[in-house]
1. Could you check segment 374-396 and list, in sequence order, the residues that are closer than 11 Å to residue 130 by Cα and part of a loop (DSSP other than H, G, I, E, B)?
2. Which residues, taken from segment 190-199, are within 20 Å of residue 81 (Cα to Cα) and open to solvent by less than 10 Å² (accessible area, probe 1.4 Å)?
3. Does segment 55-78 hold any residues that are part of a helix (DSSP H, G or I), surrounded by 21 or more Cβ atoms within 10 Å (Cβ to Cβ) and hydrophobic (A, V, I, L, M, F, W, C), and which are they?
4. Hey, can you tell me all the residues within segment 159-179 that are open to solvent by less than 50 Å² (accessible area, probe 1.4 Å) and under 15 Å from residue 256 (Cβ atoms)?
5. Would you mention how many residues in segment 307-349 are in a loop (DSSP other than H, G, I, E, B) and of a type in the set (Lys, Arg)?
6. Would you please list the contacts, defined by Cβ atoms under 7 Å and residues six or more apart or on different chains, that run from a residue in segment 322-334 that is among the polar types (S, T, N, Q) to a residue that is open to solvent by less than 20 Å² (accessible area, probe 1.4 Å) and part of a helix (DSSP H, G or I)?
7. Just checking, does segment 64-79 include any residue being in contact with a helix residue (DSSP H, G or I) (Cβ under 7 Å, 6 or more places away or on another chain), of a type outside the set (Val, Ile, Thr) and modelled with pLDDT of 85 or more?
8. In this structure, is residue 253 over 16 Å from residue 379 (Cα atoms) and either in a loop (DSSP other than H, G, I, E, B) or touching a strand residue (DSSP E or B) at 6+ places or on another chain (Cβ under 8 Å) (or both)?
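The values are calculated or read from the model by the stated rules, or taken from the named source; none is laboratory data. Because the structure is predicted, anything quoted here is derived from the model rather than measured. Heads up, the Cβs are rebuilt from the backbone with ideal geometry, glycines too, and the neighbour counts pull from every protein chain shown. Just the protein is used for accessible areas: all its heavy atoms, side chains included, with ligands, DNA and RNA removed. Shrake-Rupley method; radii C 1.70, N 1.55, O 1.52, S 1.80 Å.
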Amino acid sequence: MRHSRISQAPGLAIWVLWLLSFSHFCLNLTRSHGPRTAKYQLAVAAEGFRSRGQRSMGLCGIEFNKRWRDMVERGLVQTKIVGEDGEAITYGLRIDPEDTRHAKIVQFAEKDQNKESILPEGLSKYAGQYLVQIAGIRRLRPPAVRNLSSLPPHDPNTCSLCGGPYRLQLREPLGTIIVPGTDREWDCHYNIAPQQVYGHALLVPTLQNEANRRAQHLTREDCIDLIILGYGAKCDSETRSGLCINYNHPGAGASQNHIHAHAWVQNNPYPIDKAKITDKAPFMLREGHVQARVVQDYPAAAVFFTGEDPSQVGNAVYDVIKVATGEYGFTYNLLTSALAGRGYKGVGVYLFIRGTDATNEAPLVLGQRIGSGQMAGEWIIDKPDVFAQATEEKINKALYHTRPSSLKLSGMEANEEKKKDERNKEDEEEEEEEEKDE
């Protein structure tokens, strides 16, 4: 085994592949919210927060929601681009001019010359258990890098986040984070095409340190920091909302080749939070300080981690990442759910294991690039045609096809293989009976 730093590497490697292969999921599984629940949750998601005074949502010293609203009100979460027809376009977020009483934050995209709106009408729906929403302004963001695995080394002079026209140094940051326990510094910047109107930030190791001008590959230190931030993000007791911290690896939804993670407002538990965790004995990591279990009855392949010490959890997660990427060549998403309702203090830590083929990143069933949010079950979509096609069945299939081919046996193929084995066993028993009769 190549990773000598991982004392449990042989057993861990076997566990990652073997247990995930038993995370049973059937593609015809239907799990829907009741009408009243779906209606309530949809209303919360569509309406967002209203201005009701000071709230307590925070991120290591940053009053996240208060700072976000201040920047929106000042017109900072906006960007100018030149459209395909050569006309200047401004898009981003602002306070709804038609509803100043509630001071709602809304998306907009309009031509500078005549203020004509070019934004698709806001739409949201439930496809079974999955919330599906259109975030039209995300169509206007800088083009994503399509194949990160074939990129040359990270070049800070051309990188869109640290050297291009949209570089982070040109933006007023939401704040700076000093991670408790590690004292490492992260910058918190607004996303110029947020998928959550009430807060979507980019987290980047501070660019004041030249060593942090690097490619989109998580280090052990990065992983520990993100888990600590996920554990420490304060929830809003009034709106019952929290902050989701997440990371997309190359080939798993990352759109830019500069080290970054996301922090956005989470209004409800995700579907992954409601999926069953295996009742098999947990895999004990870091001398028993961390427990890891496989998520069952969910189309994507996911591991759930829990432990009191976020540094130990971060180390354990990275141990699995090293095995999944180094031993098997998989890719992954990492996500902390503030509203999971399970795990230490209700924070869910999930590692999604994915294949590296292009169809694993954007399954052909929907053609939608799938990042951490979609993997957890909240589908933010930027194209109306994809929105119309997004049914529970198609989303299930899309998530299922993010699995590495070696782990797809846990879905329909597993059921078919089981039936085949049962038929073979019956045939053998019949043959044995016939031989006895003769």
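1. 377, 390, 391
2. Here is the first cut: in segment 190-199, the residues within 20 Å of residue 81 (Cα to Cα) are 190-195, 197.
Result: 193, 194.
3. 64, 68, 72
4. 159, 160, 161, 162, 163, 164, 168, 171
5. Narrowing segment 307-349 to residues in a loop (DSSP other than H, G, I, E, B): 307-309, 327-330, 338-343, 347.
From what is left, the residues that are of a type in the set (Lys, Arg) are 342.
So the count comes out to 1.
6. 333/372; 333/375
7. Restricting attention to segment 64-79, the residues satisfying the condition of being in contact with a helix residue (DSSP H, G or I) (Cβ under 7 Å, 6 or more places away or on another chain) are 77.
Of the ones still in play, those that are also of a type outside the set (Val, Ile, Thr) are none.
Looking for residues that are in contact with a helix residue (DSSP H, G or I) (Cβ under 7 Å, 6 or more places away or on another chain), of a type outside the set (Val, Ile, Thr) and modelled with pLDDT of 85 or more, one finds none in segment 64-79, hence no.
8. Values: over 16 Å from residue 379 (Cα atoms): no; either in a loop (DSSP other than H, G, I, E, B) or touching a strand residue (DSSP E or B) at 6+ places or on another chain (Cβ under 8 Å) (or both): yes.
Against the criterion (over 16 Å from residue 379 (Cα atoms) and either in a loop (DSSP other than H, G, I, E, B) or touching a strand residue (DSSP E or B) at 6+ places or on another chain (Cβ under 8 Å) (or both)), residue 253 does not qualify.
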